[in-house]
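The structure appears right after this line, and notes come after that.
The values are calculated or read from the model by the stated rules, or taken from the named source; none is laboratory data. Quick caveat, the model's predicted, so the values are computed rather than measured. Note that we place each Cβ from the backbone using ideal geometry, even for glycine, and neighbour counts take in every protein chain shown.
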Amino acid sequence: MEPFAQVPRLGDDRLDDDHDEIRSLAQGLRSASASNRLAAFDALHAQVLAHFAMEDALMAPHDFSSKECHVDEHAAVRQSFEEVRVAVEAGRGDIASRFANHFLSWLPDHADALDRQLAKLLFYRKTGGAAVMLHRSLP
């Protein structure tokens, strides 16, 4: 199996915990048997929808530069899930695996670019200051 980048930690437990769960479910979809593929797809879909709803609700009361782009990206991913589900229902298991691969490639970039902005905004609104993120370099 192809290695995928880890989803970056953002310092917001709600976002970070959801991202971990979503990544795990997407990896499960990649390896799901034919008999479990639709259930694995639906589990990922449900978790992603719940996560997007949470993020959309967190963004709703705030006006910030990346909000519209973030909401639009969520809408595009929701649409992709709907289109892929039709193919999976029709027995196209290869589509589910390819979708999981694309999703696992997309998620870290989305989190780093758009969710990071949301996490910073939420931290600033909560504390009145900017977050300081410390990263330890691994060998």
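General observations
- For the range 57-67, a residue qualifies if it is free of Cβ contacts under 8 Å to residues at least 24 places away in the same chain and under 15 Å from H110 (Cβ atoms), and exactly one does: K67.
- Residue in the range 80-87 that is surrounded by 15 or more Cβ atoms within 10 Å (Cβ to Cβ) and charged (D, E, K, R) present: yes
- Considering the range 24-139, the qualifying helices (runs of 4 or more DSSP H), each wholly inside and each with 2 or more residues that are over 21 Å from G11 (Cβ atoms), run over 37-59, 67-89, 93-110.
One line per residue, one yes/no per condition, for (1) within 16 Å of the chain's Cα centre (by Cα); (2) aromatic (F, W, Y); (3) under 30 Å from S31 (Cβ atoms):
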{"residue": "A50", "(1), (2), (3)": "yes, no, yes"}
{"residue": "S97", "(1), (2), (3)": "no, no, yes"}
{"residue": "L104", "(1), (2), (3)": "yes, no, yes"}
{"residue": "R125", "(1), (2), (3)": "no, no, no"}
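- Checked against (1) at pLDDT 95 or above; (2) of a type outside the set (S, T, Y); (3) surrounded by 15 or more Cβ atoms within 10 Å (Cβ to Cβ); (4) under 14 Å from H45 (Cβ atoms), E73 meets all criteria but (4).
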